[in-house]
Amino acid sequence: MGQVGTLEGRPPKVLITKVGFDGHDRGSRIVAAYLRDAGMEVVYTGPWQTIPNVVQIALQEDVDVIGVSSLATDHLILPKLMKALNEAGLSHIAVVVGGIIPDAEVGLLKSAGIAHIFHPGAMREDIVATIGALAARSGALAQSQE
């Protein structure tokens with residue numbers, strides 16, 4: 001498993017969280033371990049987070065990517081998360097979602113600005129590479145906004 005590069009001399013920083021009422025967090029804990037093993041800094045919140053709380057953590061921790069796990073229908077509130085991030089001046093942060101996302105709901109998430117959707121069975125290498133690339137893009141966007 002390869003290591004990811006650094007952003008301005010620091011590792012990419014990723015917030016792994018669950019919004020809403022879905023408490024099944026095994027997958028998000030596994031992904032957090034994948035990212036840590038690849039050299040990323042991971043902030044893990046655990047389940048039952050609110051959108052304002054996720055935005056506040058993202059701001060305080062200066063993250064590059066937010067990864068949301070959804071095994072129920074909690075991904076349907078992600079357009080509200082995207083709006084809240086934009087309102088907080090955090091539009092440079094890439095947001096990904098992983099879990100059970102019906103094909104009929106992919107368009108809703110993509111049109112809201114979700115950068116990537118990982119379906120069940122996503123490979124470790126693909127997760128790490130995609131999040132690493134998104135973190136680099138987010139870091140570049142943040143630099144251009146300063």
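Only the coordinates and a few stated rules stand behind these numbers; no lab work does. Quick caveat, the model's predicted, so the values are computed rather than measured. For neighbour counting, all protein chains shown are included, and Cβ atoms are generated from backbone atoms with ideal geometry for every residue, glycine included.
Taking the square roots of five times each eigenvalue of the Cα gyration tensor of the chain, the equivalent ellipsoid has semi-axes of 21, 18, 14 Å, listed largest first. Extension gain, Gln56 to Val106: 0.36 nm times the residue separation minus the Cα-Cα distance gives 15.4 nm.
Restriction of the GluC sites (Glu not before Pro) in the stretch 1-109 to DSSP coil positions whose beta-carbon has at most 11 other beta-carbons within 10 angstrom yields Glu8. From its DSSP helices (H runs of at least four residues, each -39,500 (n - 2.57)), the chain gives a residue-normalised ellipticity at 222 nm of -14000 deg cm²/dmol.
For the stretch 18-106, the list of chymotrypsin sites (Phe, Trp or Tyr not before Pro) that fall in a loop by DSSP and count at most 13 other C-beta atoms within 10 angstrom reads Phe21. Per residue, the average separation of C-alpha pairs within less than 8 Å and at least 6 apart gives the chain a relative contact order of 26 percent.
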